[in-house]
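Structure record follows, encoded as structure tokens.
The values are calculated or read from the model by the stated rules, or taken from the named source; none is laboratory data. Everything numeric here is computed off the predicted structure, so don't read it as measured data. Every residue, glycine as well, gets a Cβ built from its backbone with ideal geometry; the counts of neighbours run over all protein chains shown.
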Amino acid sequence: MTEPLLTLAGVHTHIGPYHILQGVDLEVPEGGVTVLLGRNGAGKTTTLRTIMGLWRPSQGEVRFGDHLVSGLATPDIARRGIAFVPEDMGIFTDLTVAENMLLAAARGPMDAKRLDWIKQLFPPIGTFWNSSAGTLSGGQKQMLSVARAIIEPRRLILIDEPTKGLAPSIIRAMTDALRQLKETDTTILLVEQNFAMASSIGDTVAVMDDGRIIHAGAMRALMDDAGLQEKLMGLSLEAHQ
Amino acid sequence: MSDTSIRPKMERETLRDLLIRKLPVLLVPLLAIAGLLAIGNPASWVTLTAAGLAMGMMIFIMASGLTVVFGLMDVINFGHGAFVTVGAFVGFTVLAWLGGWTAPPSVMMNLAAVLIAILAAMVVTGLLGYAFERVIVMPVYGQHLKQILVTMGGLIIAQQMIHVIWGPDEIHLSRPETLQGALVIGEAAIEKYRLLAVSIGLVLFLGMRHVLKHTRVGLLVRAGVENGEMVEALGYRIRRLFLLVFMTGSALAGLGGVMWGLYQETITAHMGSDIMVMVFIVVIIGGLGSVEGCFIGALLVGLLANYTAFLAPKVALISTIGLMVVILMWRPQGLYPVVKAK
């Protein structure tokens, strides 16, 4: 197995008086989709935010490639090639769709070919290019959030529950888009509670509970092992089918 | 993702929604019309309206920086008035040096003197803003109570420094020769200086609007006001942006200080803290973080203060507070509430 692109070793994160991450060990291999599963409150979102530097780990380290990134400021982590699609989508509703995309292309002008590809992946981006992002529907905002993350080539994209609250047709569309994105050799760390969606695109899987990783391995192995599924479902997945 | 089942759709804005959205903009002409009806005499109304707009523009100049500083980083800067005062005193010193340019009745020389005084005041207050942000504000990010205390402390220090440098007495600041007196149009008299104040305020507002809407820095400021965390996650250093905004806001306060000093023709070490009550009211009326709201709020305050001072001088004392109460009862978060993601 090649060197992991992202490694978390013994990461602890405190938010105020709460000890949320309690020693997370996670490896995200380069290429493909790693899915982070777990019940509400297990620490999935905190894990992504800790990787992004939005919360500082109180202990442990986060390595991205050969570099230690825990302790760096969020903009410096982003500039190393990590994009973040937060659970609340983080859309700038006061700006137009075009302005949202323009800001996401932090390194310079948008690549026209890449933008065309994105518009083909997410048609509403083109349709509502000059509209205020605040007037988009929930699904369209989610598409914009993912589109922003991929307007420039990134080595790793952290996506937090992209299907939450969306209609089945939009979920299918989002899954298709992520599958196409995966084919571009972009590595994705995906937090998802929709197991059907997660298992359809995930290559590797990690399951969290109580601020720790309780299982990590190939998605195929989890899907083929009814006993393991039963064990993990009992712990973490049952409520999220 | 070419699934035909996801047809993009967007709700059309109804006329009613459009009116509600635009209503704050209409408040200024509505107030002006109400003023005309109440005053009756068109000449007096023109004079008072010009005075109100000039006052509003100057308050806007002072308040615009404060509202963006608050919107972008949730920083409550009670020391903002210090920049107004320092700006006025620097402007006074420069105009005193340029006495040879302010005394002759030459429009060009007089305007050049005012412009140089303004630029000097903006440079000094901009640099002072840099020091203020690094030393006083930076250690207390996210701690509102401490921000109030330390920025007030900064204001007191600035006032005392002004006493040390310029002395404790109030200073008379006379306007350059050609900016004194009034233009008489029909029966209405409009002070020349007020026309200059309205022009500068309008240019500044249009300039700020342009920067905020059409430049990358402006987009970042607007995005940062809404969701600073996401701006950082896109790779931008918001603290640097904030420092830039803080310095710009301080420089604008310095500009406002020169304008206000020339308007009042008297400057004191506490003029900044005195005007801050009005500035805070305008920022609150407009919606914390909203430049457009701040502009409209400032014009409303300026017009109302002048109309009521003419119609009912005793009511004038509470008219601004009354306006704030009415607007907050109508829109509790101000005329243009800024959507905050956090």
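For A:Leu72, only one of the following conditions fails: (1) of a type in the set (A, V, I, L, M, F, W, C); (2) assigned to a helix (DSSP H, G or I); (3) more than 7 Å from every other protein chain (Cβ to nearest Cβ). What is its number?
In the conditions (1) of a type in the set (A, V, I, L, M, F, W, C); (2) assigned to a helix (DSSP H, G or I); (3) more than 7 Å from every other protein chain (Cβ to nearest Cβ), A:Leu72 misses (2) alone.
Pull up segment A:121-147, narrow it to residues that are part of a helix (DSSP H, G or I) and among the aliphatic types (A, V, I, L, M), then point me to the one that is nearest to the other protein chains (Cβ to nearest Cβ).
A:Leu121
Return a yes/no flag: does segment A:44-51 have any residue that is modelled with pLDDT of 95 or more, within 19 Å of A:Thr184 (Cα to Cα) and out of contact with any Leu (no Cβ under 6 Å at 6 or more places or on another chain).
Checking segment A:44-51: not a single residue is modelled with pLDDT of 95 or more, within 19 Å of A:Thr184 (Cα to Cα) and out of contact with any Leu (no Cβ under 6 Å at 6 or more places or on another chain).
Could you pull out the residue among B:Leu212, B:Leu195 that is within 14 Å of chain A (Cβ to nearest Cβ), surrounded by fewer than 22 Cβ atoms within 10 Å (Cβ to Cβ) and part of a helix (DSSP H, G or I)?
B:Leu212
From the list B:Gly218, B:Gly207, B:Gly153, which residue is within 14 Å of chain A (Cβ to nearest Cβ) and part of a helix (DSSP H, G or I)?
B:Gly218
Can you tell me which residues in segment A:155-185 are in a loop (DSSP other than H, G, I, E, B) and of a type in the set (A, V, I, L, M, F, W, C)?
Matches in segment A:155-185: A:Leu166, A:Ala167.
Residue check, B:Ser199 against (1) under 16 Å from B:Ile118 (Cα atoms); (2) polar (S, T, N, Q); (3) touching a helix residue (DSSP H, G or I) at 6+ places or on another chain (Cβ under 7 Å), all met but one. Which one?
Status for B:Ser199: all satisfied but (3).
Results for (1) modelled with pLDDT of 95 or more; (2) touching an Asp or Glu at 6+ places or on another chain (Cβ under 9 Å), shown as yes or no for each residue.
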| site | (1), (2) |
| --- | --- |
| A:Glu3 | no, yes |
| A:Ala9 | yes, yes |
| A:Tyr18 | no, no |
| A:Gly23 | no, no |
| A:Gly32 | no, yes |
| A:Leu37 | no, yes |
| A:Asn40 | no, no |
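Can you tell me which residue is farthest from the other protein chains (Cβ to nearest Cβ) among those in segment A:53-64 that are under 22 Å from A:Pro17 (Cβ atoms) and not charged (D, E, K, R)?
Filtering segment A:53-64 for residues that are under 22 Å from A:Pro17 (Cβ atoms) and not charged (D, E, K, R), the one farthest from the other protein chains (Cβ to nearest Cβ) comes out as A:Gln59.
Would you please name the residue that is farthest from the other protein chains (Cβ to nearest Cβ), looking only at residues in segment A:163-172 that are surrounded by 19 or more Cβ atoms within 10 Å (Cβ to Cβ) and in contact with a Gly (Cβ under 8 Å, 6 or more places away or on another chain)?
Out of the qualifying residues, it is A:Leu166.
Can you find even one residue in segment A:143-153 that is out of contact with any Ser or Thr (no Cβ under 8 Å at 6 or more places or on another chain), of a type in the set (Ser, Thr, Tyr) and closer than 22 Å to A:Phe92 by Cα?
Yes: one or more hits.
From the residues in segment B:273-308 that are among the aliphatic types (A, V, I, L, M) and free of Cβ contacts under 8 Å to residues at least 60 places away in the same chain, which one is surrounded by the most Cβ atoms within 10 Å (Cβ to Cβ)?
Within segment B:273-308, the match that is surrounded by the most Cβ atoms within 10 Å (Cβ to Cβ) is B:Ile285.
Restricting attention to segment A:46-62, does a residue exist that is more than 18 Å from the chain's Cα centre (by Cα), surrounded by fewer than 18 Cβ atoms within 10 Å (Cβ to Cβ) and under 29 Å from A:Glu183 (Cα atoms)?
No - not one qualifying residue is present in segment A:46-62.
Considering each residue of segment B:295-342, count those that are of a type in the set (Val, Ile, Thr) and within 14 Å of chain A (Cβ to nearest Cβ), and give that number.
Matching residues across segment B:295-342 total 2.
Which members of segment A:87-104 meet the condition of being more than 7 Å from chain B (Cβ to nearest Cβ), under 19 Å from A:Ile188 (Cα atoms) and either of a type in the set (A, V, I, L, M, F, W, C) or buried (at least 18 other Cβ atoms within 10 Å of the Cβ) (or both)?
Result: A:Met89, single match.
Quick one: B:Val75 ticks every box in (1) touching a residue at least 24 places away in the same chain (Cβ under 8 Å); (2) aliphatic (A, V, I, L, M); (3) within 30 Å of A:Gly16 (Cα to Cα); (4) outside any loop (DSSP other than H, G, I, E, B) except a single one, so which number is it?
The single condition B:Val75 does not satisfy is (4).
For residues that are at the interface with chain B (Cβ under 7 Å from one of its Cβ atoms), closer than 16 Å to A:Leu6 by Cβ and either over 16 Å from the mean Cα position of the chain (by Cα) or not in a strand (DSSP E or B) (or both), tally how many sit in segment A:75-86.
2
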